[in-house]
Amino acid sequence: MVLFMCLAPLLQGQDSKRGPIGFVRMLNAVAIGTGRLEFTLDGKAVRPAGYQLGNVTGGIALKPADYKVVFRREGVKEGETRVQVKVGDTTILIPFAEEIPATDNQPARWQIRILKLKQHESEDKPTASFVSVSSEPELKVEIRQADGKWEPVFVKRLGIARAEIKQSRGYLSVRCKGRDLSAVSVGAAGNFVSVLYDDENGVLRSKTFQDYKYLSAE
């Protein structure tokens, strides 16, 4: 599910047709905890109803500035970061939960971490960018190219692995360890992002979306 929205209070009268803006996108990969994920920018809730696991937003339009980003979910220590929004740029945020080992003073606990990605400018052909926040140190993902052959792509945890998509239309099949993941819907040249994450039961899942270029007028 892709959720589209625009934060009017943060835009302060500016929109995609008037004034310089940048964008933020978010994919919720926080599988630990209960209830929905809360996402705030400078203390304002982006979506008061919250986000379910696997939800991905469209481009959230913001005026150029430095923003404090906070993610909260019951049962997990909140995570925060800062995002510098620049004119015409898009930053992708992927919050996920990571277990913090026990120390002499504190027991083991879960905390939200945030992976930040900058928009990738693709050339004149489609590409796939695989990003992993799974607990696995490395994943061997396979994509089925137009000739029917499965091509391996090795994705390190918290890393990005890119592969050329050798077809201009249709669906690119994706699998890992013999299990099908969400296919990539290829409709034109561009960069397609596939985020790999563990669900509540530790099963590998993926969510794919096109890394659109959001344009803004100067």
Would you confirm whether or not the range 147-161 contains a residue that is among the charged types (D, E, K, R), in a strand (DSSP E or B) and either within 15 Å of the chain's Cα centre (by Cα) or under 30 Å from residue 70 (Cα atoms) (or both)? yes
Among the candidates 61, 97, 128, which residue alone is buried (at least 18 other Cβ atoms within 10 Å of the Cβ), touching a Lys or Arg at 6+ places or on another chain (Cβ under 8 Å), in contact (Cβ under 8 Å) with a residue 24 or more places away in the chain and under 30 Å from residue 188 (Cα atoms)? 128
Within the set of pairs 6 or more residues apart or between chains, which connect a residue that is farther than 25 Å from residue 69 by Cβ inside the range 101-115 to a residue that is assigned to a strand (DSSP E or B) and of a type in the set (Lys, Arg) with Cβ atoms less than 6 Å apart? none
Any residue that is among the small types (Gly, Ala, Ser) and at pLDDT 90 or above - is there at least one of those in the range 4-23? yes
Filter the range 197-213 for residues that are under 30 Å from residue 21 (Cβ atoms) and in contact (Cβ under 8 Å) with a residue 40 or more places away in the chain; the one that is surrounded by the most Cβ atoms within 10 Å (Cβ to Cβ) is 197
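So how many residues does the range 162-196 have that are without any contact (Cβ under 8 Å) to a residue 12 or more places away in the chain and crowded, with 16+ Cβ neighbours inside 10 Å?
Within the range 162-196, the first condition is being without any contact (Cβ under 8 Å) to a residue 12 or more places away in the chain, and the residues that meet it are 178, 180.
Then keep just the ones that are crowded, with 16+ Cβ neighbours inside 10 Å; that gives none.
The qualifying residues number 0.
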Residue hits (the range 145-161; in contact with an Asp or Glu (Cβ under 8 Å, 6 or more places away or on another chain) and surrounded by fewer than 17 Cβ atoms within 10 Å (Cβ to Cβ)) are 145, 150, 151, 152, 154, 156, 157
Could you grab the pairs with beta carbons closer than 9 Å, sequence gap of 6+ or different chains, first residue in the range 38-53 and within 15 Å of residue 76 (Cα to Cα), second one of a type in the set (Gly, Ala, Ser) and outside any strand (DSSP E or B)? 38/50; 39/50; 53/31
Looking only at the range 197-213, how many residues end up being under 16 Å from residue 97 (Cβ atoms) and assigned to a loop (DSSP other than H, G, I, E, B)? 5
Does residue 168 meet the test of being over 20 Å from residue 28 (Cα atoms) and not in a strand (DSSP E or B)? yes
If you check 162, 109, 73, which single one turns out to be closer than 25 Å to residue 46 by Cβ and in contact with a strand residue (DSSP E or B) (Cβ under 7 Å, 6 or more places away or on another chain)? 73
Assigned by TED's automatic domain parsing to the domain that holds residue 101, at pLDDT 95 or above and not polar (S, T, N, Q): is that true of residue 86 in this structure? no
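The values are calculated or read from the model by the stated rules, or taken from the named source; none is laboratory data. Predicted, not measured: the structure shown is a model, and the values here were computed from it. Note that we place each Cβ from the backbone using ideal geometry, even for glycine, and neighbour counts take in every protein chain shown.
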